[in-house]
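In what follows, a single structure is set out as structure tokens and then discussed.
No value in this document is a laboratory result; all are computed from the given coordinates. Please read these numbers as outputs of a predicted model, since none were measured by experiment. Every residue, glycine as well, gets a Cβ built from its backbone with ideal geometry; the counts of neighbours run over all protein chains shown.
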């Protein structure tokens, strides 16, 4: 019976593929940025950092104001993108981990339809990229910064008639950030969650320069995609999670999990539109697959948001779930969250652990964290921010309408007890459905350790 079902499924796929000619299949180009906080772009409200190419691409398509990654570190985020499964189900939970080899990956879905599926740059987690099964995978090592120009060179010279799925992953604005060239440090507005020090300002100037490089490369890939492949091309830009700043990368606050996302598809997506629909990175694979006319597998965690892109609906998910496990021994802090349109509930599985990261542990020439610690010795507000980064309560609850920067924890507020109960139960159910074992990866540091 099982064999019969498998043969039937295979036959249906062959029939579906046979009914769609290569000329009818859209080309797909995905441009991934690396460690880019959504609010650090003029498209999403920044007044001191202009990202003209993000704005230009957005004018041609749809901007998502509530897109989220599955996990705020590189390997699990990208594994979720390329499998359509959340970390507990695909096996890539901590950073540097891999999805299980038997899981079907994104390239296979499109290769079965006759696509050439190609990646340049950081698409999977560095050297893991070829393991996903791309027809071509090049320049995927750490900060292999020729990746984007090499992708452009390859696309210009491509002669194949096969439809194309092309992923281009820039390494920017991932650290190490370059020296600023056309950024005025004095014009920079320090975020509310940061400690104001000269080192912070200098670091943000370097980070801004990296964002500008990413934005330039986005424009180059976007322009060539339509010049070479024509108008029937679905173009998507997004980032794997927020930047390497406190309360960003490695955390489940919005600066860590809420990500830029822009989609363009002439004739299918209305230009210059914005949407509040909540979507997850696990939704990208089924969405791209649905754009080819196929029905995505129901067993995926991701669900196609193609109806949002084409204007058939204005909503997608009513809740977003995210997870974080750790990043080696630098960051051992398992956390889970559920976010609705208004509220976010975060569960820190081990509040007795100290939250550490590359920000606190890596003390190189341009490190700014020591300046935060120094200021915290004498300035109460600086001490509050430093302590809040290092230690978290078991539960956090935020009213995102009233408190978008997640400063006031309402978990102990009796007025919100029912909301806390509902979201906690919702997270329990989801974790059970996921088979989440709540594992600890790496060696944690306890709060009472020196």
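Hey, what's the Cα Rg ratio for segment 348-401 versus the globular rule of thumb, 2.2 N^0.38 Å?
Dividing the Cα Rg of segment 348-401 by 2.2 N^0.38 Å gives 1.32.
Starting from the Cα of residue 59, step 7 Å along the direction of its Cβ; do the same at residue 329; then give the gap between the two resulting points in nm.
Going from the residue 59 label point to the residue 329 one covers 5.2 nm.
Taking the convex hull of the Cα atoms, report for segment 256-321 its projected area averaged over all directions, in nm².
Numbers: hull surface 19.4 nm².
About 4.9 nm², averaged over all directions.
If each residue of separation counts as 0.36 nm, what is the full-extension length gain between residue 367 and residue 298 once their alpha-carbon separation is subtracted?
Contour length minus the Cα-Cα distance gives 20.2 nm.
With a Förster radius of 22 Å, plug the Cβ-Cβ distance of residue 390 and residue 192 into 1/(1 + (r/R0)^6) and report the FRET value to the nearest 0.05.
Numbers: r = 18 Å, r/R0 = 0.82.
The pair residue 390/residue 192 has a calculated efficiency of 0.75.
Just to confirm the number: angle between the C-alpha axis of helix 147-157 and the first principal axis of the chain, 0 to 90 degrees, nearest 10?
10 degrees
Based on the mean of other beta carbon atoms within 10 Å per residue, what is the order of 50-62, 320-332, 186-198, most packed first? Mind dumping the intermediate values first?
Working: 50-62: 20.0, 320-332: 23.0, 186-198: 14.7.
Answer by packing, highest mean first, reads 320-332, 50-62, 186-198.
Assuming 0.692 mPa s and 37 °C, estimate D for the chain with Stokes-Einstein, Rh taken as the Kirkwood radius over Cα pairs, in µm²/s. Before the final figure, lay out the partial values.
Details: Rh = 22.5 Å.
Reported coefficient: 146 µm²/s.
Using 7 Å Cα-to-Cβ label points, what is the residue 403/residue 381 separation (nm, one decimal)?
Here the modelled spin labels are 1.8 nm apart.
Can you grab the distance from the C-alpha centre of segment 93-163 to the C-alpha centre of segment 282-318, Å, no decimals?
After rounding, the separation between the Cα centres reads 21 Å.
With 10 Å bins from zero, work out the P(r) of segment 300-359 over every alpha carbon pair and list the percent per bin.
It works out to 19, 33, 27, 16, 5, in whole percents.
Rounded to a whole number, what is D in µm²/s for segment 321-434 from Stokes-Einstein with the Kirkwood radius over alpha-carbon pairs (4 °C, 1.567 mPa s)? Numbers along the way, then the final one.
On the way: Rh = 15.7 Å.
After rounding, the answer is 83 µm²/s.
Can you sort 406, 373 so the residue with the fewest Cβ neighbours within 10 Å comes first? Let's see the in-between values first.
Values: 406 20, 373 14.
Ascending Cβ contact count within 10 Å gives the list 373, 406.
Order of 71-84, 282-295 by packing, highest average Cβ count within 10 Å first?
Working: 71-84: 28.3, 282-295: 21.4.
Output ranking for 71-84, 282-295: 71-84, 282-295.
Which value in nm describes the separation of the simple spin-label points at residue 440 and residue 352, placed 7 Å from the Cα toward the beta carbon?
Each label point lies 7 Å from its Cα, and together they span 0.8 nm.
Pairing the Cα long axis of helix 2-18 with the longest principal axis of the chain, what angle in degrees results, from 0 to 90 and rounded to the nearest 10?
Long axis of 2-18 versus the principal axis of the chain: about 70 degrees.
With the cut-off at 1.5 for a/c, could you classify segment 380-450 from its C-alpha gyration tensor as rounded, prolate or oblate?
Working: a/c = 2.40, a/b = 1.07, b/c = 2.25.
Here segment 380-450 falls in the oblate category.
Percent relative contact order of the chain, based on C-alpha pairs within less than 8 angstrom and at least six residues apart?
Across the chain, relative contact order equals 20 percent.
How far, in degrees from 0 to 90, does helix 74-83 lean away from the longest principal axis of the Cα atoms of the chain, to the nearest 10?
The two axes meet at around 30 degrees.
Take each of the peptides 90-96, 216-222, 349-355, average the number of other beta-carbon atoms within 10 Å over its residues, and list them starting from the highest.
Order by mean packing, descending: 90-96, 216-222, 349-355.
What are the semi-axes of the equivalent ellipsoid of segment 69-157, taken as the square roots of 5 times the eigenvalues of the Cα gyration tensor, listed largest first and rounded to whole Å?
Values: eigenvalues 101, 55, 16 Å².
The three semi-axes for segment 69-157 are 22, 17, 9 Å.
Principal axes first, then extents: for the Cα atoms of segment 125-281, list largest minus smallest coordinate on each axis, whole Å, largest first.
Taking the Cα atoms of segment 125-281, the three principal extents are 55, 35, 31 Å.
Given only helices, namely DSSP H runs of n ≥ 4 each adding -39500 (n - 2.57), what is the per-residue ellipticity at 222 nm of the chain, to the nearest 500 deg cm²/dmol? It would help to have the intermediate numbers written out before the result.
Numbers: 14 runs with 144 residues, N = 450.
Only helices count here, giving -9500 deg cm²/dmol.
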